[in-house]
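Inspection log for the structure reproduced underneath, given as structure tokens.
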Amino acid sequence: MVLPLDGVRILDMTIWQQGTHATALLADLGADVIKVEGPDNPDPGRGMTGLVPNAALNAYFENHNRGKRSVVIDVKRPEGRALLLRLVERADVFVNNMRKGVLERLGLAYEDLRAVNPRIIYAVASGYGDAGPERALPSMDIMAQARGGFMAVSGEPEGPPLAGPAGLADQVGSYFLAHGILAALFMRERTGLGQQVDASLLGGQVELQAHLLQGYLFSGVLPRRRSRAEMAPLWNTYRGSDGRWFVIGMLPQERWWPQLVRVLGIEAWEQDPRFATPAARQANGPALVAQFDALFATRPRDHWVDLLSRHGLMAARVQDYQELAQDPQVVANRYIVEIEHPSCGTVKMVNHPVRFSAAPEVGVRGPAPEFGQHTEEVLLEAGLSWEEIAALRAQGVIGARAPAK
């Protein structure tokens with residue numbers, strides 16, 4: 001079995017979500033991702049155990065660190081820094097999301113790593129980018145959503161700005177970081193040289209809303225939050241008689257209107273002057289939404305979705321996670337897979353979303369590692385002897401700290 005990133009080794013000194021999820025995606029593609037943690041500062045994600053009640057495993061950490069190996073090295077000590085640089089010699093990528101200046105003070109800046117490996121890709125998951133007067137400010141997901149404009153266009157018009165769920169800015173930032181690393185690896189194949197790559201939370205939010213922001217740049221008109229009644233009638237959410245919601249999405253609306261009228265049997269609506277012409281329907285959008293509300297409330301959600309889909313009209317159920325996990329398209333495309341976990345046996349995991357015809361095994365390759373689980377294994381591969389490893393452990397350079405007595 002050959003995977004797209006077989007033979008690529010990544011040293012991953014990231015925590016929380018943006019950087020860790022980026023490297024998890026690369027692990028899915030076959031990269032050997034080695035998670036580097038300090039004995040006194042493990043990834044805080046390891047402690048995120050209370051997010052999901054009754055969960056047998058830490059969903060946050062398992063998802064963001066699946067398929068990786070773990071080493072514990074105290075890079076604050078000269079011996080630990082030297083050891084990390086020894087690993088850099090054989091690495092392709094080094095990833096971090098530390099605040100500006102932290103790694104520089106430790107002698108682990110891009111220039112330091114490039115000195116021992118000119119081919120290294122030094123990837124940074126930053127908050128606000130690599131330039132500008134506030135590049136050193138700390139940031140997390142919600143700050144990026146706020147500063148990046150996403151919250152300004154989210155929520156009801158009269159309500160407070162709303163942040164997106166699931167660490168939206170972190171997740172988007174992880175995609176662009178992985179994208180940048182892959183592009184830098186491809187460029188290195190042409191030039192033979194590494195480089196520094198920066199993908200920020202703020203930049204990801206700007207790109208996420210690119211066409212809306214572009215509209216403002218061209219017009220000077222700020223987009224506003226809209227209520228459901230103000231949304232296009234054929235691009236909206238509706239509720240069936242069973243209380244479950246679905247969406248229809250038919251643009252341009254006038255292309256689909258004649259067929260929709262026929263399938264739903266609502267030809268009489270076109271006798272209403274409010275809905276008789278395209279201009280009238282546009283002018284009376286809220287009234288048309290109310291008409292559809294009354295119609296769709298007469299039958300269950302699935303009746304309407306199945307009816308519209310059968311006639312090639314685009315509709316979809318608003319699914320909760322229980323329905324999503326059982327969705328036949330999710331199952332058929334292996335977007336959720338089962339793996340064997342050493343602590344819990346067979347568990348389901350969210351899988352890599354891209355399928356490769358020449359590499360069908362791309363996806364989750366194993367569970368998240370225990371703290372320092374592979375320290376000795378990785379150091380032996382780097383050429384250290386058992387005696388050297390034992391000495392480093394005795395000095396407190398590697399491995400978890402012994403509990404205080």
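The values are calculated or read from the model by the stated rules, or taken from the named source; none is laboratory data. What you see is a predicted model, and the numbers here were worked out from it, not measured in a lab. Cβ: placed from backbone, ideal geometry, glycine included. Neighbour counts: every protein chain shown.
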- Message: Taking the conditions exactly as written (assigned by TED's automatic domain parsing to the domain that holds Ile120, in contact (Cβ under 8 Å) with a residue 40 or more places away in the chain, within 12 Å of the chain's Cα centre (by Cα) and within 25 Å of Ala123 (Cβ to Cβ)), does Ser174 satisfy them or not?
- Response: yes
- Message: Please go through the range 6-24 and give me each residue that is surrounded by fewer than 23 Cβ atoms within 10 Å (Cβ to Cβ) and more than 17 Å from His374 (Cα to Cα), ordered by number.
- Response: Asp6, Gly7, Val8, Ile15, Trp16
- Message: Given (1) touching a helix residue (DSSP H, G or I) at 6+ places or on another chain (Cβ under 6 Å); (2) over 30 Å from Leu87 (Cβ atoms); (3) surrounded by fewer than 16 Cβ atoms within 10 Å (Cβ to Cβ), identify the lone condition not met by Val116.
- Response: (2)
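Please go through the range 348-376 and give me each residue that is of a type in the set (A, V, I, L, M), surrounded by fewer than 16 Cβ atoms within 10 Å (Cβ to Cβ) and within 20 Å of the chain's Cα centre (by Cα), ordered by number.
If we filter the range 348-376 for residues that are of a type in the set (A, V, I, L, M), which is where we start, we get 349-350, 354, 358-359, 362, 364, 368.
Filter once more, keeping what is surrounded by fewer than 16 Cβ atoms within 10 Å (Cβ to Cβ): 354, 358.
Within the range 348-376, just Val354 meets the criteria.
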- Going through the range 302-320 one residue at a time, which ones are surrounded by 14 or more Cβ atoms within 10 Å (Cβ to Cβ) and either of a type in the set (Val, Ile, Thr) or in a helix (DSSP H, G or I) (or both)? His303, Trp304, Val305, Leu307, Leu308, Val318
- So, first residue aromatic (Phe, Trp, Tyr) in the range 132-158, second residue crowded, with 16+ Cβ neighbours inside 10 Å and modelled with pLDDT of 95 or more, Cβ within less than 6 Å, six or more apart or across chains; the pairs are Phe150/Gln205
- Item | Subset of the range 108-125 that is free of Cβ contacts under 8 Å to residues at least 60 places away in the same chain and in a loop (DSSP other than H, G, I, E, B) - its residue that is nearest to Gly203 (Cα to Cα) | Ala109
- From the residues in the range 282-292 that are surrounded by 15 or more Cβ atoms within 10 Å (Cβ to Cβ) and under 36 Å from the mean Cα position of the chain (by Cα), which one is farthest from Met314 (Cα to Cα)? Gly285
- Message: Any residue that is touching a residue at least 60 places away in the same chain (Cβ under 8 Å), over 26 Å from Val362 (Cβ atoms) and crowded, with 22+ Cβ neighbours inside 10 Å - is there at least one of those in the range 41-53?
- Response: no
- Filtering helices (runs of 4 or more DSSP H) wholly in the range 1-107 for at least 2 residues that are farther than 24 Å from Ala169 by Cα and not small (Gly, Ala, Ser) gives 78-88, 102-105
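Would a scan of the range 330-347 turn up a residue that is part of a loop (DSSP other than H, G, I, E, B), surrounded by 14 or more Cβ atoms within 10 Å (Cβ to Cβ) and on the phi > 0 side of the Ramachandran plot?
Within the range 330-347, the first condition is being part of a loop (DSSP other than H, G, I, E, B), and the residues that meet it are 333-335, 342-344.
Retained after the next criterion (residues that are surrounded by 14 or more Cβ atoms within 10 Å (Cβ to Cβ)): 334-335.
Filter once more, so that each one left must be on the phi > 0 side of the Ramachandran plot: 334.
Yes, there is a match, as at least one residue in the range 330-347 is part of a loop (DSSP other than H, G, I, E, B), surrounded by 14 or more Cβ atoms within 10 Å (Cβ to Cβ) and on the phi > 0 side of the Ramachandran plot.
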- Query: Being outside any helix (DSSP H, G or I), closer than 30 Å to Val354 by Cβ and within 36 Å of the chain's Cα centre (by Cα), is that true of even one residue in the range 294-301?
  - Reply: no
- Message: So, in the range 204-239, how many residues would count as being of a type in the set (S, T, N, Q), surrounded by 11 or more Cβ atoms within 10 Å (Cβ to Cβ) and either more than 28 Å from Ala316 (Cα to Cα) or touching a strand residue (DSSP E or B) at 6+ places or on another chain (Cβ under 8 Å) (or both)?
- Response: 2
- How many residues are surrounded by fewer than 14 Cβ atoms within 10 Å (Cβ to Cβ), in a helix (DSSP H, G or I) and free of Cβ contacts under 8 Å to residues at least 12 places away in the same chain if we restrict to the range 242-273? 6
